[in-house]
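Before any comments, here is the structure.
The values are calculated or read from the model by the stated rules, or taken from the named source; none is laboratory data. Please read these numbers as outputs of a predicted model, since none were measured by experiment. Methodologically, a virtual Cβ is constructed for each residue, glycine included, from the backbone with ideal geometry; neighbour enumeration extends over all protein chains shown. The accessibility values were calculated without ligands, DNA or RNA, using every heavy atom of the protein model including side chains. Shrake-Rupley method; radii C 1.70, N 1.55, O 1.52, S 1.80 Å.
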4 protein chains.
Amino acid sequence: MGKCHAAAWNSVRMIFGDTPPVRLVHLGEVNQALAEKKASEFGFDKASGDWRAVIDDPRVDVVSITAPNAFHKEMALAALAAGKHVWCEKPMATAFEDAEAMADAAARSGKAAILGYNYIQSPGVRHIRRLLNEQAIGEVNHIRIEMDEDFMADADAPFSWRNETSAGYGALDDFAVHPLSLLYNLFGRVSHVMCEMTKPYATRRAADGSSRAVETFDAASALIRLENGVSGTLSVNRCAWGRKGRIAIQIYGSRGTILFDQEQFNQIQLYLAGDRPEEQGFRTILAAPHHEPYGQFVPAPGHGLGFNDLKTIECHELICCINGTVANVIDFNAGLEIERTVHAMAQSHRERRWLSLS
Amino acid sequence: MGKCHAAAWNSVRMIFGDTPPVRLVHLGEVNQALAEKKASEFGFDKASGDWRAVIDDPRVDVVSITAPNAFHKEMALAALAAGKHVWCEKPMATAFEDAEAMADAAARSGKAAILGYNYIQSPGVRHIRRLLNEQAIGEVNHIRIEMDEDFMADADAPFSWRNETSAGYGALDDFAVHPLSLLYNLFGRVSHVMCEMTKPYATRRAADGSSRAVETFDAASALIRLENGVSGTLSVNRCAWGRKGRIAIQIYGSRGTILFDQEQFNQIQLYLAGDRPEEQGFRTILAAPHHEPYGQFVPAPGHGLGFNDLKTIECHELICCINGTVANVIDFNAGLEIERTVHAMAQSHRERRWLSLS
Amino acid sequence: MGKCHAAAWNSVRMIFGDTPPVRLVHLGEVNQALAEKKASEFGFDKASGDWRAVIDDPRVDVVSITAPNAFHKEMALAALAAGKHVWCEKPMATAFEDAEAMADAAARSGKAAILGYNYIQSPGVRHIRRLLNEQAIGEVNHIRIEMDEDFMADADAPFSWRNETSAGYGALDDFAVHPLSLLYNLFGRVSHVMCEMTKPYATRRAADGSSRAVETFDAASALIRLENGVSGTLSVNRCAWGRKGRIAIQIYGSRGTILFDQEQFNQIQLYLAGDRPEEQGFRTILAAPHHEPYGQFVPAPGHGLGFNDLKTIECHELICCINGTVANVIDFNAGLEIERTVHAMAQSHRERRWLSLS
Amino acid sequence: MGKCHAAAWNSVRMIFGDTPPVRLVHLGEVNQALAEKKASEFGFDKASGDWRAVIDDPRVDVVSITAPNAFHKEMALAALAAGKHVWCEKPMATAFEDAEAMADAAARSGKAAILGYNYIQSPGVRHIRRLLNEQAIGEVNHIRIEMDEDFMADADAPFSWRNETSAGYGALDDFAVHPLSLLYNLFGRVSHVMCEMTKPYATRRAADGSSRAVETFDAASALIRLENGVSGTLSVNRCAWGRKGRIAIQIYGSRGTILFDQEQFNQIQLYLAGDRPEEQGFRTILAAPHHEPYGQFVPAPGHGLGFNDLKTIECHELICCINGTVANVIDFNAGLEIERTVHAMAQSHRERRWLSLS
């Protein structure tokens, strides 16, 4: 993710044209040698083997935090305390209290502090938001959202740190935060959850050849209810063979339906009940300059953005945030809301009952 | 559905070649005139305005029951008592006790008594069953099944009998029985359910122009667990604009994934983790003579069966059932199991808790 | 195809309701035993081992000709001479002169004489015709049509009669007649052709193990121009691995585009330049009761017709033809036009130049 | 395209890590003010209102030529003469003689001189090349390639310079060069062509309201034969409503089929005749780190590259070219071959006959 942030910073002005010049000032890594290698590759002026040096550097205005999750809180608090803006990768923190501390610090600092929930940035998702605002599909009454990948699907893969409780709940905190960011971005807060977490593989082979019980939950399914009254389901699975970066959303409204899948994020599907009945059908709409900010990247429709472009858009939104213009971001406050939902889902699983988030 | 059964009876021998000649003996309708009109159109020898005349007819061996659900029990009990085989449309009955009585009567009769769950009959679904038996995708660990249509989606449609409690729960009994028949057919019994039913539209306009509260639930979502340990979700929605006959199934296993959608029932999708990594991908497999009993209908692959063909296959399975050969059917016993699950789901909704079906 | 015709005759009244009762009177086969077996399976009253007995049978009104192509002319002429209506499978005849004789005989007879070009019968294609008539996509200016299957794709399959010159040109007469029937049905006559036929496999292994030169052309590509001024391409390939019943049509107009693929013949795709620019996209329109005559088969949209249903529709059109009502058929006259185009394409290939059909 | 090149130069080292540092030295534009604005946005050290100043700049090693086509020859010759490497946008030049002069100059210079045919750079197309080399689908025997967009599809758009003969043939030189670059890259030289160019709209409205004859051909269709013996078709259409960046390729071989569409360039489809017959089907394979150089951009499969990423890959190949390592590029020599084919196609159209390119 470090490379991904660097690439975004490196491209944002060239792509959007409306930002001040961006300088890659100071790169921190776990040791000086690695820091220097990366700084050279990425084009940073300076390199340090201690992340605190970056935060102490007076020339630094914004700090990108792409270190392991366990460091997020400490780094973010230090950066905010030093008067820097912060761009922190998700999930926010390993413990809810840490996330709270981060949101508090951000609120007190008056600085921009956002999380790397880049899936909300695609022109497709942004156009869905516009369609919802315009009531193109009427009142939404039902949603389903799924996120599936297969990076944990190999039953023969050895037991790893990802299978230990110390790594978190599993699919829920590592994964469900993405669909939750989309729900938050499109609809607002989740109010009620009823979740079950499951283990596709109960055991895995340990290094010594023995069978060891998997402690985390690689799949989770939930009934949800949003604060706006809409109900639906949220499902995540890290053992879903064949799914590579699927985030499938179904949005049902009183006048139509919207479908989206992140694996084909350069398109959305739209069904309008207002079309002539004989020709009603899901329209496959390719991303185009009509769909902001696609046109900043390519002038012709249907040519496609890539995953890294979403990060460049996110970077641009962060700059908007810093400049005080309206921005489409998941800030630390929204991020805390997402964390709260995740923990409520886990609690709902443990207690086998509906939980309210209000 | 009467026409659909008649067409199946009419075609089954021509298509399969291995059944005895089938005679359309006696058609019953609500009155003599209509009965005669239909008998002429469908090619029945005789017509009666009283369904009991059909059951009393000694030349009749099998009775197709396609009357409204409220008549299923009475007709089925009478037919079984008269020593006829019974082919009854779903859902089995309006009350669980009625379904129990029907299953009891069928068990005592020794006659074939099956329900019209035709979606289990497609060559695609049958091939999925074969793939599961062969462990082509290893051990299944997670499933998701959805059924969506839009025949109740028009928010401006007037309040109707379908919106009254007397019509049943709503999407659950009218609709969810189909995905439940597929689950039963592919995996066996459901053991635990956690369901929420919802109302996409809280009110509808009554004939007198007033707004009237909708009493039934046009959508339902459930967390489920099967007796074989597999977990997943089941979702149904009759207000899903753009969905016409969608029954989407995702089956995740330890060595691959199977996808199916009834709207494209002449194909299945299969991902095999055993394929060379560089070329792993979902295969779109078109129905072909390889997939029984497609070849009985068309000798060339990819030419497609239609909805009515599924009913002809079902009819053929019923004849197998009567002949005592192994048959792929939802008999009254299995149908009772499906009804039991539906009622447990509704109870789970009311009590807002997980329910066990064991 | 005999079974297919029998099934259509058997179902047509039940499905459409508006035809007179249909009786399966007399079945002819190559010998008496086979004729009797088939007559029993298909429900015919009588069976003969000589096809002339069928034509001589005064109770027979319509003759279905599903014998090998070499017999089409003789049978059709005899049937027409005997005052029967004729439903003959395609291609019309093995020689152009034979097709001419058949068209002449049909014209003189005053009887209905149609060919089995069933792909023009799907609700999707019929709706495309309506859209074209309504100028929904404006003036059509460009088309592309492809037909591909893979039944000759196995390079290791032995040399067979299909590879000999006596079997005809190859893909062109066996295969291209289908897309040509669609072009004729949707747009009218082809006026100019520039074709090249090719041999995906130059040789095949003969029974004695030797390598033998393939004489027919399993693929053909053509530039075409229609009488209405529209230009485009027509391509066919019987060695196209993975294609099972593909007939892909692209129709470009001044206000939109229509796409169709026979492998998914229960849907069409439509792009309308008149839709709001931000939401323009190809609509996937599922066959529904809106699209005649889908509703005769199934009352609910999106449930799908099958290949055999197309034959039932064709049978119904034949009955309309016999009754003198407007019918959507390829009669012997239109069939002759298709044959003429095929032969012109072959000549164009031989002479390596554009040929005019006017 | 200037922005696109600048973005590629700016990202290439960060993405690939194995290139020397890249400096954006000197930007030329039509006047000093615009040059300075762009230089600031794109991060160039220096700006000039005269392109010759860039070529004269001794610090410049490589020149990106993204000026209108009419300038390509003059700029490229000057740059090569000055000992610079050249990266020139396509098409190569407006006249064939100019392209020849450019190819000659490049050959004499010993410098890297490549054209911006970026569609050959996607991981999907690269993987197709690998599959072809591995004979994964056996011997290729038939291909079809289409390129369609709709930027000229609006029949009401006014007559413009693009409709004048001075703009070239039309779809052929502006558009067909892309599919030709793919054919060259995947299969080698085209040997025979039989082309027809057409005008979807014969006239357009001029500024003065009068109707003016369109002089260029917005669509073209061709039968082609490659030097390796493979036959097929090539079709292009700039008036194809709904097509945005379609380049659809069908590659038929003796053991399988490969499909690709640039509108979904993060996937390829593969059918293998060697799969178990019951489960043969087109595999949809999502771009992944298995497919070089996808992994340089994103470590996870299925997350997708964008159009601009293809240009970054092209830039990296150019650097490989400069460094003398094997590179996947369309150099001036290959570009000349593409131009030769385009002109032969146009001649074939004029003379209405097959033309040989050997």
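A few notes on this one:
- All told, A:Pro158 meets the bar of being open to solvent by 40 Å² or more (accessible area, probe 1.4 Å) and in the same structural domain as A:Thr284 (by TED's automatic domain parsing).
- Total residues in the stretch A:302-330, condition more than 24 Å from D:Ala7 (Cα to Cα) and in contact with a Phe, Trp or Tyr (Cβ under 7 Å, 6 or more places away or on another chain): 1
- The residue of the stretch B:1-52 that is least open to solvent (accessible area, probe 1.4 Å), among those that are touching a His at 6+ places or on another chain (Cβ under 7 Å) and part of a helix (DSSP H, G or I), is B:Val12.
- When the residues of the stretch A:53-65 are filtered to those that are part of a helix (DSSP H, G or I) and open to solvent by less than 80 Å² (accessible area, probe 1.4 Å), the one that is nearest to the other protein chains (Cβ to nearest Cβ) is A:Val54.
- Number of the condition not met by A:Gln296 [criteria: (1) under 20 Å from A:Arg130 (Cβ atoms); (2) among the polar types (S, T, N, Q); (3) away from chain D (no Cβ under 11 Å)]: (3)
- Scope the stretch B:181-190; condition more than 19 Å from B:Arg352 (Cβ to Cβ), open to solvent by less than 50 Å² (accessible area, probe 1.4 Å) and not in a helix (DSSP H, G or I); matching residues: B:Gly188
- Answer residue from the stretch C:161-180, given it is open to solvent by 10 Å² or more (accessible area, probe 1.4 Å) and touching a Pro at 6+ places or on another chain (Cβ under 9 Å) and is nearest to C:Asp148 (Cα to Cα) among those: C:Asp174
- Selected residue [more than 24 Å from D:Cys4 (Cβ to Cβ) and open to solvent by 40 Å² or more (accessible area, probe 1.4 Å)] from D:Glu74, D:Glu100: D:Glu100
- Index of the failed condition, A:His142 passing every other in (1) away from chain B (no Cβ under 14 Å); (2) out of contact with any helix residue (DSSP H, G or I) (no Cβ under 7 Å at 6 or more places or on another chain): (1)
- Annotation: of all residues in the stretch A:309-328 being assigned to a loop (DSSP other than H, G, I, E, B) and more than 20 Å from the chain's Cα centre (by Cα), the one that is nearest to the other protein chains (Cβ to nearest Cβ) is A:Thr325.
- Cβ separations smaller than 9 Å between residues 6+ apart or across chains give the following pairs from the stretch D:289-306 residues that are under 13 Å from B:Pro277 (Cα atoms) to residues that are open to solvent by 40 Å² or more (accessible area, probe 1.4 Å) and of a type in the set (S, T, N, Q): D:Pro289/D:Gln296.
- For the stretch B:329-358, taking the residues that are part of a loop (DSSP other than H, G, I, E, B) and in contact with a Lys or Arg (Cβ under 7 Å, 6 or more places away or on another chain), the one that is surrounded by the fewest Cβ atoms within 10 Å (Cβ to Cβ) is identified as B:Arg353.
- With respect to (1) open to solvent by 20 Å² or more (accessible area, probe 1.4 Å); (2) β-branched (Val, Ile, Thr); (3) facing another protein chain (nearest Cβ under 10 Å), the lone exception for D:Thr94 is condition (3).
- For the stretch D:275-289, the set of residues classified as more than 11 Å from chain A (Cβ to nearest Cβ) and more than 24 Å from A:Gly302 (Cβ to Cβ) consists of D:Asp275, D:Arg276, D:Pro277, D:Glu278, D:Glu279, D:Gln280, D:Gly281, listed by residue number.
- Evaluated against (1) more than 26 Å from D:Val193 (Cα to Cα); (2) more than 10 Å from every other protein chain (Cβ to nearest Cβ); (3) touching a residue at least 12 places away in the same chain (Cβ under 8 Å), D:Trp161 falls short on exactly one condition, (3).
- Residue check for D:Lys38: within 25 Å of the chain's Cα centre (by Cα), closer than 30 Å to D:Glu337 by Cα and not assigned by TED's automatic domain parsing to the domain that holds D:Ile330: no
- Looking only at residues of the stretch A:103-126 that are among the polar types (S, T, N, Q) and open to solvent by less than 10 Å² (accessible area, probe 1.4 Å), we find that the one that is farthest from the other protein chains (Cβ to nearest Cβ) is A:Gln121.
- For the stretch A:251-280, filtered to residues that are closer than 21 Å to A:His291 by Cβ and acidic (Asp, Glu), the residue that is farthest from the chain's Cα centre (by Cα) is A:Asp275.
- Enumeration of residues in the stretch A:191-200 that are crowded, with 22+ Cβ neighbours inside 10 Å and outside any strand (DSSP E or B): A:Pro200
- Some residue of the stretch B:66-76 being within 14 Å of chain C (Cβ to nearest Cβ), within 26 Å of B:Asp104 (Cβ to Cβ) and touching a residue at least 12 places away in the same chain (Cβ under 8 Å): yes
- Comparison of A:Tyr169, A:Tyr184 shows that the only residue that is more than 14 Å from every other protein chain (Cβ to nearest Cβ) and in contact with a His (Cβ under 9 Å, 6 or more places away or on another chain) is A:Tyr169.
- Of the criteria (1) more than 22 Å from the chain's Cα centre (by Cα); (2) within 8 Å of another protein chain (Cβ to nearest Cβ); (3) surrounded by fewer than 20 Cβ atoms within 10 Å (Cβ to Cβ), which one B:Phe151 fails: (1)
- Criterion (over 24 Å from A:Ala222 (Cβ atoms) and of a type in the set (Gly, Ala, Ser)) met by exactly one of B:Gly229, B:Gly188: B:Gly188
- Pairs with Cβ under 7 Å, 6+ apart, first in the stretch B:202-218 and under 24 Å from B:His343 (Cα atoms), second β-branched (Val, Ile, Thr): B:Ala202/B:Val214; B:Ala213/B:Thr203; B:Val214/B:Thr203; B:Glu215/B:Thr165; B:Thr216/B:Thr165; B:Phe217/B:Thr198
For (1) farther than 29 Å from A:Asp98 by Cβ; (2) more than 14 Å from chain B (Cβ to nearest Cβ), each residue gets a yes or a no:
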| site | (1), (2) |
| --- | --- |
| A:Ile128 | yes, yes |
| A:Leu131 | yes, no |
| A:Ala136 | yes, no |
| A:Ser191 | no, no |
| A:Ala202 | yes, no |
| A:Arg205 | yes, no |
